[in-house]
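The next block holds one structure in the form of structure tokens; read it before the comments.
Coordinate-derived values only; no laboratory data. Here the structure is a predicted model, which means the values were calculated and not measured. In this analysis, Cβ positions are derived from the backbone assuming ideal geometry, glycine residues included, and neighbour counts consider all displayed protein chains.
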Amino acid sequence: MMKLNLKLNHWATLGAMSAMLTIAAPAVYASAPVLLPPGWQSSAIAAKPEGLMKTGKFVAAEKATTGTARIVQDKGHYYLELDSAFSTSELGPDLHVLLDSQSKPPQAYTAMNGYINLGKLHSYSGMQRYPIPDAINVSKVKSVVIWCRMANATFGYASL
């Protein structure tokens, strides 16, 4: 009986530690609180005009990528929108949408800063919308990148 209690206590402790690690783990996606690269923090609190803020057409990097990306403001919040003409290769198993501080992003990322990951690409084609966290200073966004995390490859990008 004592052995069983020790095993149960051991597993309970591991479970509690796992829960603590899960809660304390750093966020990867911008939809959760993140540590922003220097200069990305939004300092503007005043009301901003609604509507189109930035726009750019996708160009191919590793794979053919077409369509238009635009950053819009709606009801005081920013969103990234990909238009109905958006399309990229279906060969990427782990595609993500990045906001980059460079007009021409790298083919592969060697440092995990200078960009914000908005999360997994919703679809290989068609209209899509991604919320941009309020803490992001959109004036620092110079391009939208379709990036394969698994291969660390830029499929395509749109300079804004």
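Rounded to 0.05, the FRET efficiency of the residue 55 and residue 124 pair, given R0 = 25 Å and the Cβ-Cβ distance, is 0.75. Scanning residues 5 or more positions from residue 143 or on other chains, those with amide H under 5 Å from its amide H are 100, 102, 160, with H placed 1.01 Å from N in the peptide plane.
Once the chain from residue 74 to residue 94 is taken as fully extended at 0.36 nm per residue, the excess over their C-alpha distance is 4.3 nm.
Couplings for the stretch 125-140, taken from phi via the Karplus curve 6.51 cos²θ - 1.76 cosθ + 1.60 with θ = phi - 60°, read 8, x, 5, 8, 9, 10, x, 9, x, 4, 6, 7, 8, 5, 5, 7 Hz in order; Gly and Pro are left as x.
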